[in-house]
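Contents: one structure, followed by commentary.
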Amino acid sequence: MAHHSITVSVGGGHELNRAGLAALISMLPGLRVVSLDANPPPRILVWDAYTSSGEFPSVSPETAILLLTEDAEFESLPEAVTGLLSRDEPPVALGIAIRQVARGEQYLSPSLATAILQKRQSKLSLTETQKSVIESLTNREREILNLLAQGLSNKTIAARLYLSVRTVEGHLATIYSRLGVHSRTEAMLMVAKIR
C-alpha cells in the first residue's frame, strides 16, 4: 500500500502549526508527509497562509497546492493552488481536501466559497435598492455624496457648495440613513462601486 500513498508536504505558517499539520496528516490513512524538496516531489503542498504575506513557494509542476486559510482575501492565486481549505474545518476535512486535490480536482471549503462569492458580488453590483436610493437622492445630496467620495471633509464640501457645515451634516445624515450605511467610509465605498 505504501507506494500508493499520497505524498504531502507542509509549509507556511508558524513552525508549531506546521508540526501539528504534519502530525495530523501522517495519521490520516493513505497520506505520507515528505519534505518539499523530496524526490519525486510531493503530490500536494499544504500551505498555511496564516503568516505568509501572500508569498507562495515555487513548486514543481507535479505538485498541487492546498491553501489553508481563514479568509478569502486573495487578489490572485498562483495556478498551482487548486484547493482552499478553511482553518475552521474539522481535521477530517483536511484528508478529504488533500485526496480531492490529489485526484486533480479542486477543493473549496463551503464557508470560503460563500465569502468569495459575497466579495465578488459586492465588487460587481450594488443591490437594486441601493442603486434606486442613490438615483432618488436630490441633486444636492448627490453632489455632496460625490465630494465625499473624493475624500473631502464636511468643511471643504460646505465651502465648495456655499453651504453651512451643519447643512452638509444634515444632508449626510439623510444620505447615510437612506443608503443604510453608518460611516463616511461605507458611503465612499458604495459610491466607488457605482462609478
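The values are calculated or read from the model by the stated rules, or taken from the named source; none is laboratory data. Since the structure is predicted, the reported quantities are computational estimates derived from the model, not experimental observations. Heads up, the Cβs are rebuilt from the backbone with ideal geometry, glycines too, and the neighbour counts pull from every protein chain shown. Please note that ligands, DNA and RNA were not included when accessible areas were found on the heavy atoms of the full protein model with its side chains. Shrake-Rupley method; radii C 1.70, N 1.55, O 1.52, S 1.80 Å.
At-a-glance table
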quantity: Selection count where residues are touching a residue at least 24 places away in the same chain (Cβ under 8 Å) and either open to solvent by 50 Å² or more (accessible area, probe 1.4 Å) or not in a helix (DSSP H, G or I) (or both), scope region 148-167; calculated: 1
quantity: Filter result (at pLDDT 90 or above, surrounded by fewer than 20 Cβ atoms within 10 Å (Cβ to Cβ), closer than 14 Å to Val10 by Cα and among the small types (Gly, Ala, Ser)) within region 23-70; calculated: Ala23, Ser26, Ser35, Ala38
quantity: Any hit, region 47-59, residues being part of a loop (DSSP other than H, G, I, E, B), among the aromatic types (Phe, Trp, Tyr) and without any contact (Cβ under 8 Å) to a residue 40 or more places away in the chain; calculated: yes
quantity: Every residue from region 11-40 that is farther than 17 Å from Ala64 by Cβ and in a helix (DSSP H, G or I); calculated: Glu15, Leu16, Asn17, Arg18, Ala19, Gly20, Ala22, Ala23, Leu24, Ser26, Met27
quantity: Any hit, region 112-127, residues being modelled with pLDDT of 75 or more and in a helix (DSSP H, G or I); calculated: yes
quantity: Qualifying residue in region 4-19 (condition: modelled with pLDDT under 85 and exposed (fewer than 14 other Cβ atoms within 10 Å of the Cβ)); calculated: yes
quantity: Contacts under 7 angstrom Cβ, first residue in region 168-187 being touching a residue at least 24 places away in the same chain (Cβ under 8 Å) and under 11 Å from Leu145 (Cα atoms), partner open to solvent by 60 Å² or more (accessible area, probe 1.4 Å) and assigned to a helix (DSSP H, G or I), 6 or more apart; calculated: His171/Arg140
